[in-house]
1. Keeping to region 13-38, report how many residues are surrounded by 16 or more Cβ atoms within 10 Å (Cβ to Cβ) and more than 17 Å from W85 (Cα to Cα).
2. Find the residue count for region 110-123, including only residues that are over 17 Å from T54 (Cβ atoms) and either touching a Phe, Trp or Tyr at 6+ places or on another chain (Cβ under 9 Å) or in a strand (DSSP E or B) (or both).
3. Just for region 1-34: of the residues that are part of a helix (DSSP H, G or I) and among the charged types (D, E, K, R), which one is nearest to N95 (Cα to Cα)?
4. What number of residues within region 1-60 satisfy the criterion of being under 18 Å from V112 (Cα atoms), of a type in the set (F, W, Y) and free of Cβ contacts under 8 Å to residues at least 60 places away in the same chain?
5. Based on this model, can you work out whether I78 counts as among the hydrophobic types (A, V, I, L, M, F, W, C), assigned to a helix (DSSP H, G or I), in contact with a helix residue (DSSP H, G or I) (Cβ under 6 Å, 6 or more places away or on another chain) and at pLDDT 90 or above?
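The values are calculated or read from the model by the stated rules, or taken from the named source; none is laboratory data. Just so it is clear, the model here is predicted, and its values are computed rather than measured. All Cβ positions, even for glycine, are placed from backbone atoms using ideal geometry, and neighbour counts span all protein chains on display.
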Amino acid sequence: MRFLIRVVVNAFAIWVVTLIPALKVTVIPFAPGETLQLVLTLLLVAVIFAIVNTIIGTVIKVLAFPLYILTLGLISLIINGFLLWLTAWLTHWWNWGLRVEDFWWGVVAALVISLINWIFGIFLRPKRRND
């Protein structure tokens, strides 16, 4: 259930990011209706982004641990931008999905996605009981 909520929040964040002119979404051509095409495309891009973050992102973050210490965590912006750019590159092969004009626009988009995920995480985080 937590994964589904995360995917929906990421899909919303990707939609917000596509308001930046350097990023756009090419919709899936086989779904009926323009709105349904956009929603399905955003959800599939969010699933791919979650998978890339889980598999490749974890490996990169473990290997880049010394850089996290040296840069006080600022390297995470570059890594997240790379993971978003990688997601755009992966969806490019199917002729739908996310398009990122430049790597640095990917870094800006990753920053916005991180902020949106952080804000939604505050409200959607389960409450802990004080025993």
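1. Final tally of qualifying residues: 4.
2. Residues flagged as over 17 Å from T54 (Cβ atoms) and either touching a Phe, Trp or Tyr at 6+ places or on another chain (Cβ under 9 Å) or in a strand (DSSP E or B) (or both) within region 110-123 amount to 2.
3. Selected residue: E34.
4. 2
5. no
Per-residue answers, yes or no, for (1) under 21 Å from R125 (Cβ atoms); (2) modelled with pLDDT of 95 or more; (3) not β-branched (V, I, T):
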{"position": "M1", "(1), (2), (3)": "yes, no, yes"}
{"position": "R6", "(1), (2), (3)": "yes, no, yes"}
{"position": "K24", "(1), (2), (3)": "no, no, yes"}
{"position": "V45", "(1), (2), (3)": "no, no, no"}
{"position": "F49", "(1), (2), (3)": "yes, no, yes"}
{"position": "I55", "(1), (2), (3)": "no, no, no"}
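Per-residue answers, yes or no, for (1) surrounded by fewer than 15 Cβ atoms within 10 Å (Cβ to Cβ); (2) without any contact (Cβ under 8 Å) to a residue 24 or more places away in the chain:
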{"residue": "A64", "(1), (2)": "no, yes"}
{"residue": "L83", "(1), (2)": "no, no"}
{"residue": "L86", "(1), (2)": "no, no"}
{"residue": "H92", "(1), (2)": "yes, yes"}
{"residue": "D102", "(1), (2)": "yes, no"}
{"residue": "G106", "(1), (2)": "no, no"}
{"residue": "V112", "(1), (2)": "no, no"}
{"residue": "W118", "(1), (2)": "yes, yes"}
{"residue": "R125", "(1), (2)": "yes, yes"}
